[in-house]
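The values are calculated or read from the model by the stated rules, or taken from the named source; none is laboratory data. The structure displayed is predicted, hence computed values, not measured ones. Methodologically, a virtual Cβ is constructed for each residue, glycine included, from the backbone with ideal geometry; neighbour enumeration extends over all protein chains shown. We work out accessible area using only protein heavy atoms, side chains counted, and drop any ligands, DNA or RNA first. Shrake-Rupley method; radii C 1.70, N 1.55, O 1.52, S 1.80 Å.
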Amino acid sequence: MTASGPTADLNALEQDVLASITEAGDLTALENARVAAIGKKGRISAEMQKLGAMKPEERKAFGKAVNAVKARVTKALDTRKGALEAAALAEKLATERADVSLPVRDGPETRGRIHPVSQVLDECIEIFADMGFSVAEGPDIESQDTNFTKLNMPEDHPARQDHDTFYFAPGLDGSRQLLRTHTSTVQIRTMLNNEPPLRIIAPGRVYRGDSDQTHTPMFHQIEGLVIEEKIHMGHLKWVLEEFSKAFFEVDDVEMRFRASHFPFTEPSMEVDIGAGTIGKPGDWLEVLGCGMVHPNVLKNCGLDPERYQGFAFGMGLDRITMLKYGIPDLRAFFSADLRWLRHYGFSMLNTPTLGGGLSR
Amino acid sequence: MKFTLSWLKDHLETEVPVETLLTTLSAIGLEVESVEDPAETLGAFVVARITEAKPHPDADRLQIVQVETTPGKPTHEVVCGAPNARAGLIGVFAPIGTYVPGIDVTLVKRAVRGVTSNGMMCSDSELQLSDEADGIIDLPAEMAKHIGEPYINVIGLNDPVIDVAITPNRPDCTGVRGIARDLAAAGLGTLKPELKLGPVEGKKAPSIDIALKFDTETKDACQVFAGRMVTGVKNTASPDWMQARLRAVGLRPINALVDVTNYVAHDRGRPLHVYDADKLKGGVHARMGKKGESFLALDGNTYDVDGAMCVIADDSGPLGLGGVIGGELSGTTEDTETVLIESAWFSPTRTAATGRATGLITDARYRFERGVDPASVMPGLDLATHWILELAGGTPSKATVAGTVPDTSKTIAFNPNRVEQLSGVAVSAKDVKTILKALGCKIDGKGEKLNVSIPSWRPDIHGPADLVEEVVRIVGLDKVPATPLPRIHGVAQPVLTENQKRTRLARRILASRGLVECVTWSFIPQNEAEHFAGGQDNLQLANPISVDLSTMRPSLVPGLLSALHRNQNRGFQDAALFELGQTYSSAEAAGQHLIASGARAGSETLVGGGRDWQATARPVDLFDAKADLAAALSAMGLDIEKAQITRDAPSWYHPGRSGTVRLGPKRILAHFGEVHPATAALYELDGPVAAFEIFINNLPPEKKKAGRAKPALPASDLLPVRRDFAFVVDATVDASTLLRAAEKADKKLISNINVFDVFEGGDLAAENKKSVAIEVTLQPHDETLKDKAIEAVSEAIIAQVKKATGGVIRG
């Protein structure tokens, strides 16, 4: 059956309008098509105006039909508009091509560095803190009493000369201050000002008048001190073994303890580490000196040697840094050469932790 | 201290391998520094005979010789250039493959003018046994019985030389016998009995007087001086075995008399001296030197003496320095017929002081400054007499002694349980006693109450801890059981102090801003210290290692600027460095300050220095330094906005482009700014530099919080409103004054103020004015803001700014 009458005209009109929408090549053409169809004077609007003159039953049927046409046309307009807009955007974007191969800059977090000695100090603190050591500090400028006398090196002791000590001019009372030759001064300060039990490490700068490839007039030491009632050399040995394993990040480290002599410890030992176990050439590497705190030192600090005993050790912070990270020349530590600092320095993100590992 | 294996075996009956000896020496505190084993270097050189020699067909100076190393076996054909090579010569042969140290060559089979040479006949110099190179070694005929044997065995050179480091507390181990005693105690053998001496004491008193001439204050310098004369000596060379040992330990043989003193010094740690008695004027005495005196020493140098030095003198004046060095003029020679032997005891501390003052390092000083066994004065004299009589003949006199041997006897009350208490090693009382006895101690008492008498050669043993050390080092430190330190907390507690934490945070935050951490010297040149308001007398080193490292630094900035200069010289114009370290304002503990300081040079801003396609390089300025400073302060828990910024930074900053951060009038937290052009010139810096320094000790402690919970977030659902205001103010008005005034307008409503533009050019410049534009954020809390309310705040802001700065809204 073929449609006829007003409805048949409507069908033809719809086909015509939909064709004009499809044919619209750009947004302007589409707008023209929209105005021609459903604008105030559009063809579909004109059809709708006819409704007013119709009889009610005729109006009902025609109204329904013309509204359906309008809805379909409106939808077609929207679809076509979306397609044209997408095409226009694509065409615009196609002209916005960037050279994605251009380099971007390193951020400040990439350029900054932590000095190797600071990094290694943080590593040491992490390890010793786990064993219950806190970090004690003392001044660089010291008295002879703290640097020597209280450490069982009385005035005429030859070791005083061996230290190549830097002195200041005598003060009004005739006493001469000096630059501490070792961090053992912090042992003294700790024992004078605190009651045992004591567990401290004391890192810091020390000074000796010496200068060649392996000696600089200023360097860093880290001191350890444990004073309780029943601490013996076995504890000392354990602490050093545990420290060495943790610090060098190896499962096992070969260590050799040799009898030695220091005025402030008795018995005294020097400690070597098996070079192979930390991946270095050679047989043994001397890393530190240590011993049981000399009874005279305890007495000098007001502690009863009959009641308290304990151990002390001291090692070169720069030295263990050089060993662990393969740094050849001590002097470079203090030359602030950017090339060296960038090469041997550490990222600020590399915060040593026991859980995450000391180094990466 | 050097000795040879055979020398050690004079005192120690042992069969243990050398390796074990070396390991034990190091373990018990006699650290082996080196071992030279001639068997390793010269073991391949053998005694050999040339059986036939004929001329080389193509070379006038060469011969072709047949060398026999095993009688009856085929010979080696060798091309030899030595003029003394001849049939029948017994010499030393090196086969192919031998390393010849004197010419630094390993022998390979090769043709010499067409004839293949199968080894080499050697000279002494090729073996580095002497400097002589007069042809090849030519041994006496009786050496024929040694053909085929290693040459070093035949001449007694197959004797490893061991060098051990002796710690300052062990005078006894400056003699071979002391080392042997330690090794015997450690179970490596037995100490042989003392040498049986022939009769050494003569009948006549010596014709030369010996005296001590000290006052009460100086008599400790030399408490005993013993001497003996031997007349009719023939002072020829000492025997080969003695010369070989002395050479092996690095001494040059001189003559029998001198060699005996050196030998006894090394054998027993007992230095002696010999005088040609005929050269002495009057008696010999020990006394303190006098200013103005001097003498010619054995080393050929003349030394001035003074009142702090102990000298040995005769009527003509000082002959030598007691305990350090003898004199040339009274020394023995081949012509000496009468010798005076000196055996004395010099004070360790005075000997050390004299040694330092003169710079002399001698075998005598090495021993006396450690403390020679005072009881060895007479036995040492007798031993020396014994050897002199044996090697040079003659007739001894009686010994004469001035002064008395100091009494150094000591007895220590010792509980053997102390060993385990202090060392953790369980050693039975029996073993404790055995070890101490082996070291020369005498013990009485029993159980926990032992009385241990210390031998005279151990001045270093004072108390129970020393005895524990003796026992433990001999038992072996490897026996000390590693024992876990008791754990204080299940999970380790934080240990860092607030300043330590702040230092760590400052370090990481500064590095995160692109600054590179450096460590510079604590001492700087005096002129630089003065430039940075330091350099006081009490902070100057009395004995600096160089003028560049002479004065304790008053600031970290000089070290940083100096480092920037060095880096600029290496081609790094744009650099940013920081340091966390100490500065010094006095020589007391309170005068040491903990500082974080940084400096940026050239265009090294936060985004990085140098040119980049995205951003043009901008020179660093004070705001770069201020931003670093603010970040560091913030990391350390302090908001810079809560501090005051004043315009009184120190003189090394640009006066107009620097500031001081403070909390109140007294508490200075930091300085920052562009470095003063004069300061930059002092360091020859290229381009602008901005620096800051933070006084970490001056930061207020962080407030203790009751818990870790953070306060509730007061976020409002109501939209904030932003309004812009541009004020024209005098050019000298601080932005902070304007901001604080604006804030005051409505503290509740104003949530943020941001400076978004500062303009100082154009007409404004002519009027000495500037425009500061701010964006004010108003955050309503209860209801949406009505225009009226906004207007009221705006008016209040304008009024407050006007009141505080005289500024007006820009038209």
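If one takes the longest principal axis of the Cα atoms in chain B, at what angle in degrees, from 0 to 90 and to the nearest 10, does the Cα axis of helix B:735-744 lie? Here the helix axis deviates by roughly 50 degrees. Each residue of region B:672-811 gets 201 Å³ once the volume of the Cα convex hull is shared out per residue. Pairs to check: B:K398/B:K437; B:K291/B:K410; B:K703/B:K748; B:K626/B:K666. Give those whose C-alpha atoms are more than 27 Å from each other in this structure. Correct reply: B:K398/B:K437; B:K291/B:K410. In summary, the aspartates and glutamates within cross-link reach of B:K446, defined as a Cα separation below 16 angstrom excluding same-chain residues under 8 places away, comprise B:D431.
Given region B:127-227 reduced to its alpha-carbon atoms as identical point scatterers, what log10 I(q)/I(0) does the Debye formula return at q = 0.15, 0.19, 0.20 Å⁻¹? Log-scaled intensity ratios, in q order: -1.02, -1.08, -1.11.
Gain in length, B:V115 to B:N499, computed as 0.36 nm per residue apart minus the alpha-carbon separation, to one decimal in nm?
Working: separation 384, 0.36 × 384 = 138.24 nm, distance 8.19 nm.
Between B:V115 and B:N499, full extension yields 130.1 nm more.
Histogrammed with a bin width of 10 Å, the alpha carbon distances of region A:114-347 distribute as 7, 32, 37, 20, 4, 0 percent, first bin at zero. If one takes the longest principal axis of the Cα atoms in chain A, at what angle in degrees, from 0 to 90 and to the nearest 10, does the Cα axis of helix A:56-94 lie? So the inclination is approximately 40 degrees.
Given the rule -39500 (n - 2.57) for each run of at least 4 DSSP H residues, summed and divided by the residues of the protein assembly as shown, what is its mean residue ellipticity at 222 nm, to the nearest 500 deg cm²/dmol? Write down the numbers at each step before the final one.
Numbers: 34 runs with 359 residues, N = 1171.
Value at 222 nm, helices only: -9000 deg cm²/dmol.
Here's the list of lysines a cross-link from B:K73 could span, going by alpha-carbon distance under 26 Å and ignoring same-chain residues fewer than 8 apart: B:K54, B:K109, B:K145. Using a probe of 1.4 Å on the protein chains alone, the accessible area found for B:T351 is around 0 Å². Can you tell me the length gained on complete extension of the stretch B:D315 to B:V18, counting 0.36 nm per residue apart and subtracting the Cα distance? Stretched fully, the B:D315-B:V18 segment lengthens by 101.8 nm. Loop only per DSSP, at most 15 neighbouring Cβ atoms within 10 Å: give me the GluC sites (Glu not before Pro) in region B:1-71, ordered by residue number. Those satisfying the criteria are B:E15. Label positions at A:S175 and B:A709, each projected 7 Å from the Cα along the C-beta direction, are separated by 5.3 nm.
Only four residue types carry charge here, +1 at the Cβ of Lys and Arg and -1 at the Cβ of Asp and Glu. Report the dipole size of the protein assembly as shown about the Cα centre in Debye, rounded to the nearest 20. Walk me through the numbers on the way to the answer.
Values: 128 positive and 153 negative charges, 936 e Å.
Value, rounded to 20: 4500 debye.
Accessible surface area normalised per residue over region B:708-767 is 72 Å², counting heavy atoms of protein chains with a 1.4 Å rolling probe.
The overall shape of the protein assembly as shown is prolate: from the C-alpha gyration tensor, with semi-axes ordered a ≥ b ≥ c, the ratio a/c is 1.5 or greater and a/b exceeds b/c. Computing FRET efficiency as 1/(1 + (r/R0)^6) for B:D163 and B:N415, where r is the C-beta to C-beta distance and R0 is 41 Å, gives about 0.60. Label zone of A:R331 (point 7 Å out along Cα→Cβ, amide N under 19 Å): in region A:197-221 this covers A:207-220.
Think of a 1.4 Å ball rolled over the protein heavy atoms: chain A then has 46 Å² of accessible area per residue.
How many partner chain Cβ atoms sit within 10 Å of a residue's Cβ in peptide A:164-172, on average, as a whole number?
On the way: counts 2, 1, 9, 4, 9, 7, 2, 3, 1.
Taking the mean over all residues of the peptide, I get 4.
Set the Förster radius R0 to 35 Å, insert the Cβ-Cβ distance between B:K291 and A:D210 as r into 1/(1 + (r/R0)^6), and round the FRET efficiency to 0.05.
Values: r = 32 Å, r/R0 = 0.91.
For B:K291 and A:D210, the calculated efficiency is 0.65.
Eight or more residues apart or on different chains, and alpha-carbon atoms under 19 Å: count the Lys pairs in region A:4-95 matching that. Lysine pair count for region A:4-95: 13.
The string of couplings for region B:278-292 from the Karplus curve (6.51, -1.76, 1.60, θ = phi - 60°) is 6, 8, 7, 9, x, x, 10, 9, 9, 7, 7, x, 10, 4, x Hz, one whole number per residue in order, with x for Gly and Pro.
With only Cα atoms counted, region B:159-302 has Rg and Dmax values of 18.4, 54 Å. In terms of its Cα atoms, region B:13-149 spans 63, 30, 25 Å along the principal axes, sorted from long to short.
Taking 20 °C and 1.002 mPa s as the conditions, I'd like the Stokes-Einstein D for region A:51-206 in µm²/s, using the Kirkwood hydrodynamic radius from alpha carbon pairs. Show your work: numbers first, answer last.
Working: Rh = 24.7 Å.
Answer, rounded: 87 µm²/s.
Against the main long axis of the alpha-carbon atoms of chain A, helix A:233-248 sits at an angle near 30°. When all protein chains stay in place and ligands, DNA and RNA are ignored, the 1.4 Å accessible-area order of A:R256, B:R502, B:R356, A:R113, largest first, is B:R356, A:R256, A:R113, B:R502.
Kindly state, to the nearest 0.05, the FRET efficiency for B:A617 paired with B:L719, given R0 = 41 Å and r defined as their beta-carbon distance. Before the final figure, lay out each step's value.
Numbers: r = 41 Å, r/R0 = 0.99.
The computed FRET efficiency comes out at 0.50.
I'd like the interface area for chains A and B: accessible area of each alone minus the complex, both sides summed, 1.4 Å probe, protein heavy atoms only. What is it in Å² to the nearest 100? Please list the in-between numbers first.
Numbers: alone 20200 and 41490 Å², together 54320 Å².
For chain A against chain B, roughly 7400 Å² becomes buried.
An ellipsoid equivalent to region A:217-324, defined through the eigenvalues of its Cα gyration tensor, has semi-axes of 27, 15, 12 Å when rounded to whole angstrom and sorted largest first.
For chain B, the spherically averaged projection of the C-alpha convex hull amounts to 58.8 nm². Sequence-ordered 3J(HN,Hα) estimates for region A:216-223 from the Karplus curve with 6.51, -1.76 and 1.60 and θ = phi - 60° stand at 10, x, 10, 8, 10, 10, 10, 9 Hz, glycine and proline given as x.
Could you tell me which of rounded, prolate or oblate describes region A:4-95, using a ≥ b ≥ c as the square roots of the eigenvalues of the alpha-carbon gyration tensor, with rounded for a/c under 1.5 and, failing that, prolate when a/b is larger than b/c and oblate otherwise? Display every interim value, and only then the final one.
Numbers: a/c = 3.25, a/b = 3.02, b/c = 1.08.
The shape class here is prolate.
Overall, the anisotropy analysis places region B:256-382 in the oblate class: the square-rooted eigenvalues a ≥ b ≥ c of its C-alpha gyration tensor yield a/c not less than 1.5, with a/b not exceeding b/c.
Based on alpha-carbon positions alone, could you give the equivalent ellipsoid semi-axes of region B:458-532 from the gyration tensor, as √(5λ), descending, whole Å? Provide the component values of the computation, followed by the final result.
On the way: eigenvalues 409, 148, 32 Å².
With the √(5λ) rule applied to region B:458-532, the semi-axes are 45, 27, 13 Å.
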